[in-house]
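Engineer: Submitted below is the structure of interest, expressed as structure tokens.
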Amino acid sequence: MAIIKSSKIREMTDSELSAKLFEFQKELNSERGMLASGGRTSNPGKISELRRCVARVLTIQQERKLGIRAVKPEAAKAGTKATAKTEQKK
């Protein structure tokens with residue numbers, strides 16, 4: 001599984017997000033099982049990257065649940081005092 005950026009995750013629907021989370025968790029469990037049985041992984045950094053991807057997906061799911069939208073980079077550069085709470089859906 002490739003690294004997936006937060007911007008790509010935010011473009012997904014809720015059902016796609018749940019499916020992607022399941023894929024990441026399945027692959028992570030597979031890699032951990034391989035290590036536990038005394039095997040080796042092809043890429044030693046894969047487990048930590050999968051953990052980060054799972055965390056990204058869970059974070060974005062929680063943001064959607066709470067109704068929080070990300071601050072746009074343009075607003076931050078312009079010097080406005082935009083925060084995540086002020087950028088919520090109106």
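The values are calculated or read from the model by the stated rules, or taken from the named source; none is laboratory data. Bear in mind the structure is a predicted one, so any value in this text is a computation, not a measurement. Here Cβ is always computed from backbone atoms with ideal geometry, including for glycine, and neighbour counts include all displayed protein chains.
Engineer: Pairs, please: C-beta under 7 Å, at least 6 apart or cross-chain, first residue free of Cβ contacts under 8 Å to residues at least 24 places away in the same chain and at negative phi and in region 14-43, second basic (Lys, Arg) and in a helix (DSSP H, G or I)?
Structural biologist: Pairs found: 31/46.
Engineer: Scan (1) touching a Ser or Thr at 6+ places or on another chain (Cβ under 9 Å); (2) loosely packed, with under 14 Cβ neighbours inside 10 Å; (3) modelled with pLDDT of 90 or more for the single condition residue 65 breaks and write down its number.
Structural biologist: (1)
Engineer: Can you list residue pairs whose Cβ atoms sit under 8 Å apart, with the first residue in region 50-66 being in a helix (DSSP H, G or I) and the second being acidic (Asp, Glu) and surrounded by 14 or more Cβ atoms within 10 Å (Cβ to Cβ)? Count only pairs 6 or more apart in sequence or on different chains.
Structural biologist: If the second residue must be acidic (Asp, Glu) and surrounded by 14 or more Cβ atoms within 10 Å (Cβ to Cβ), the pairs left are 50/27; 50/31.
Engineer: I would also like to ask the following. Of all the residues that make up region 2-28, how many are surrounded by 14 or more Cβ atoms within 10 Å (Cβ to Cβ) and among the aliphatic types (A, V, I, L, M)?
Structural biologist: So the count comes out to 6.
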